[in-house]
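Quick notes on the structure that follows.
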Amino acid sequence: MAKQGKRLKAINAGLDREKAYALDEAISLAKANAKAKFDETIEISMNLGIDPRHADQMVRGVVGLPNGTGKTVRVGVFARGPKAEEAKAAGADVVGADDLAALVQEGKIEFDRCIATPDMMALVGRLGKVLGPRGLMPNPKLGTVTMDVKGAVTAAKAGQVEFRAEKAGIVHAGIGKASFEAEALVANARAFVDAIQKARPSGAKGTYVKKVSLSSSMGPGLKVDVASLSSGG
């Protein structure tokens, strides 16, 4: 712990905690400060002017990051027959129907993203208490209840990120690894911000994007200048 304390002290000494950094500068600093023994994730956090307890102010969706997340995503698919074969061919890690449902009921969940064909939803619906709290319940709005199994599996594997506002109106996501080139992380960050902007709910009044911060898994948070987030910034 002493070593970690010294490391963070040294990092913090070189940072202005009150300054709002331009996006590219914040990413360069986050990369430079990612000094853990593993490839840290670069994370973005956005504080939105919404109250997600109201249905007309919920922010939720998916976005494909142009440079992927650097993370291996395990995909589970509920499908039968030709659609099950399509899922396997697309690279799904676990495919099944009643057999997969039984495993989930036992708590054996070996996937990070869950996709289902529409005819499977009666079966999957019974797993809501298990899948729901883990954020794994397939949802047509997120493209995870679909007949295009191949497309959904490919997108999940390629670096698609789900986002959902928490109670305090905060959305966050990993936008890549510290080992990524800075330009790739900037492009991923802008794609994420763009998706959040497009998901602005009808009930959101006043300033929508209030604060933004960036950090690596083990590094300090950096304030980001909101004006620098647009592709022109």
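You will find that of 81, 96, 107, 49, the residue that is closer than 30 Å to residue 223 by Cβ and either surrounded by fewer than 20 Cβ atoms within 10 Å (Cβ to Cβ) or not small (Gly, Ala, Ser) (or both) is 49 and no other. Counting the residues of region 176-229 that are part of a loop (DSSP other than H, G, I, E, B) and either among the charged types (D, E, K, R) or under 17 Å from residue 49 (Cβ atoms) (or both) gives 12. Annotation: of all residues in region 110-122 being outside any loop (DSSP other than H, G, I, E, B) and touching a strand residue (DSSP E or B) at 6+ places or on another chain (Cβ under 8 Å), the one that is most open to solvent (accessible area, probe 1.4 Å) is 118. For the criterion of being modelled with pLDDT under 90 and either of a type outside the set (A, V, I, L, M, F, W, C) or within 16 Å of the chain's Cα centre (by Cα) (or both), residue 213 fails.
In summary, residue 132 fulfils each of the numbered conditions (1) under 18 Å from the mean Cα position of the chain (by Cα); (2) modelled with pLDDT of 95 or more; (3) not hydroxyl-bearing (Ser, Thr, Tyr) with the single exception of condition (2).
Of the residues contained in region 55-69, none is found to be over 27 Å from residue 170 (Cβ atoms), at pLDDT below 95 and assigned to a helix (DSSP H, G or I). Figure legend. Inter-residue proximity from region 65-77: first residues closer than 22 Å to residue 140 by Cα, second residues aromatic (Phe, Trp, Tyr) and in a loop (DSSP other than H, G, I, E, B), beta-carbon distance below 9 Å, spacing 6+ or different chains. Indicated pairs: 73/111; 74/111; 75/111; 76/111; 77/111. Among the residues of region 189-203, none qualifies, meaning not one is under 16 Å from the mean Cα position of the chain (by Cα), more than 28 Å from residue 30 (Cβ to Cβ), surrounded by 14 or more Cβ atoms within 10 Å (Cβ to Cβ) and touching a residue at least 12 places away in the same chain (Cβ under 8 Å).
I'd like to check something: does region 145-166 contain any residue that is under 15 Å from the mean Cα position of the chain (by Cα), under 30 Å from residue 84 (Cα atoms), open to solvent by 70 Å² or more (accessible area, probe 1.4 Å) and not acidic (Asp, Glu)? For region 145-166, residues under 15 Å from the mean Cα position of the chain (by Cα), under 30 Å from residue 84 (Cα atoms), open to solvent by 70 Å² or more (accessible area, probe 1.4 Å) and not acidic (Asp, Glu): present. Taking residues in region 159-178 that are closer than 17 Å to residue 214 by Cα, and partners anywhere that are open to solvent by less than 50 Å² (accessible area, probe 1.4 Å) and among the charged types (D, E, K, R), the pairs with Cβ atoms closer than 8 Å and at least 6 places apart or on different chains are 169/51; 177/40; 178/40.
Touching a His at 6+ places or on another chain (Cβ under 8 Å), at pLDDT 90 or above and either part of a loop (DSSP other than H, G, I, E, B) or of a type in the set (Asp, Glu) (or both): does that describe residue 25? No; evaluated as a whole, the condition is false for this residue.
The values are calculated or read from the model by the stated rules, or taken from the named source; none is laboratory data. Everything numeric here is computed off the predicted structure, so don't read it as measured data. For neighbour counting, all protein chains shown are included, and Cβ atoms are generated from backbone atoms with ideal geometry for every residue, glycine included. For accessibility, only protein heavy atoms count, side chains too; no ligands or nucleic acids. Shrake-Rupley method; radii C 1.70, N 1.55, O 1.52, S 1.80 Å.
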